[in-house]
């Protein structure tokens, strides 16, 4: 899961990497996802996984807190990665049908 998210994140960076003012929000979103959201998810999930495997935290704690927080953080990282190309695709001079098709291709790539 980690390698898939990182590879998609770097693929988007490679596709949309320009220094123009139009890409300002893409760059902000990419850096936010890569340096804040993704490390937070990575550290928390793997720390809790290690603690639960060594019976340092109880099963009740894991079921009550760790699994829901892991699910929420996974959803947030997926949504951040999915939202990155939307603004860039909207700037293309194409019909709405073609824009929606391109966004669907990006969405399928993240599944």
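So which residues in segment 2-22 are loosely packed, with under 11 Cβ neighbours inside 10 Å and over 16 Å from residue 85 (Cα atoms)? Listed by number, the list holds a single entry, 3. If you check 25, 30, 96 for being at pLDDT below 85 and either closer than 25 Å to residue 108 by Cβ or loosely packed, with under 13 Cβ neighbours inside 10 Å (or both), only one passes: 25.
Show the residue pairs that are 6+ apart or on different chains and have beta-carbon atoms under 7 Å apart, the first residue being within segment 46-73 and free of Cβ contacts under 8 Å to residues at least 40 places away in the same chain, the second being assigned to a loop (DSSP other than H, G, I, E, B) and surrounded by 13 or more Cβ atoms within 10 Å (Cβ to Cβ). Between residues of segment 46-73 that are free of Cβ contacts under 8 Å to residues at least 40 places away in the same chain and residues that are assigned to a loop (DSSP other than H, G, I, E, B) and surrounded by 13 or more Cβ atoms within 10 Å (Cβ to Cβ), the close pairs are 51/57.
Taking the condition surrounded by fewer than 16 Cβ atoms within 10 Å (Cβ to Cβ) and in contact (Cβ under 8 Å) with a residue 24 or more places away in the chain, does residue 91 pass? So residue 91 passes the test.
Does residue 101 meet the test of being surrounded by 12 or more Cβ atoms within 10 Å (Cβ to Cβ) and at pLDDT 85 or above? Taking the combined requirement at face value, the residue satisfies it.
The values are calculated or read from the model by the stated rules, or taken from the named source; none is laboratory data. Computed from a prediction, not measured in an experiment: that's the story for all the values here. All Cβ positions, glycine included, derive from the backbone under ideal geometry; neighbour counts span all protein chains shown.
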